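J.: First the structure, which I've put down as structure tokens, then a few questions once you've had a look.
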Amino acid sequence: QVQLVESGGRWVQAGGSLRLSCGASGRTIGNAYIGWFRQAPGKEREFVGRIVGSDGTYYADSVKGRFTISRDNAKGTVILQMNSLKPEDTGRYYCAIYLSGLVYRSESYDSWGQGTQVTVSS
């Protein structure tokens, strides 16, 4: 089974930017449909966005216009570029492989990584 690995999370001030990466341990992600989720303490895991194929993307309303998902084909990874960050973007960010079902439901995904922590300070 593929094991995904997230990286790039750190502390940042509001208004700043971060670039998260999602890779597959021991192999490339290829053209797998990849979703990003986040989870704040005490809250349920929340859909952020998904990429299908080379550039088919879909985002949650809360991040639309600020976050962009893309593929780094040279590295075989999926990138989550986050701009204009807000304190409410704070959370642990996860990537996972989409299998089937509703795009915004975590149950539709598998092969979750351990996540990477993003903290946005006001």
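The values are calculated or read from the model by the stated rules, or taken from the named source; none is laboratory data. In this text the structure is predicted, and so the values were computed from the model without any measurement. No Cβ is skipped: glycine too gets one built from the backbone with ideal geometry, and neighbour counts run over all protein chains shown. Ligands, DNA and RNA are stripped out before the accessible areas are found, and what is left, the full protein with its side chains, is counted by its heavy atoms. Shrake-Rupley method; radii C 1.70, N 1.55, O 1.52, S 1.80 Å.
J.: Return the residue satisfying two criteria in turn: it lies in segment 1-13 and is over 17 Å from residue 99 (Cα atoms) and part of a strand (DSSP E or B), and of such residues it is nearest to the chain's Cα centre (by Cα).
T.: Among residues in segment 1-13 that are over 17 Å from residue 99 (Cα atoms) and part of a strand (DSSP E or B), the one nearest to the chain's Cα centre (by Cα) is 6.
J.: Which residue is least open to solvent (accessible area, probe 1.4 Å), if the candidates are limited to segment 77-91 and must be in a helix (DSSP H, G or I) and without any contact (Cβ under 8 Å) to a residue 60 or more places away in the chain?
T.: The residue in question is 89.
J.: While we're looking at this one, here's another question. Are any of the residues in segment 84-99 over 20 Å from residue 15 (Cβ atoms) and polar (S, T, N, Q)?
T.: No: segment 84-99 contains no residue that is over 20 Å from residue 15 (Cβ atoms) and polar (S, T, N, Q).
J.: Tally time: how many residues in segment 92-103 are open to solvent by 60 Å² or more (accessible area, probe 1.4 Å) and of a type in the set (A, V, I, L, M)?
T.: Total meeting the criteria: 2.
J.: Do you know which of the residues in segment 19-35 that are assigned to a strand (DSSP E or B) and in contact with a Gly (Cβ under 6 Å, 6 or more places away or on another chain) is nearest to residue 111 (Cα to Cα)?
T.: Out of the qualifying residues, it is 21.
J.: Of everything in segment 41-72 that's of a type in the set (A, V, I, L, M) and within 15 Å of residue 86 (Cβ to Cβ), which residue is most open to solvent (accessible area, probe 1.4 Å)?
T.: This residue is 60.
J.: Still on this structure, I have one more. Out of segment 22-35, which residues are free of Cβ contacts under 8 Å to residues at least 60 places away in the same chain, small (Gly, Ala, Ser) and closer than 13 Å to residue 51 by Cα?
T.: 30
J.: Let me ask something else. Scanning segment 104-118 for residues that are of a type in the set (S, T, N, Q) and assigned to a strand (DSSP E or B), which turns out surrounded by the most Cβ atoms within 10 Å (Cβ to Cβ)?
T.: 116
Yes/no matrix, rows are residues, columns are (1) touching a residue at least 24 places away in the same chain (Cβ under 8 Å); (2) not in a loop (DSSP other than H, G, I, E, B):
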| position | (1), (2) |
| --- | --- |
| 15 | yes, no |
| 37 | yes, yes |
| 42 | no, no |
| 65 | no, no |
| 75 | yes, no |
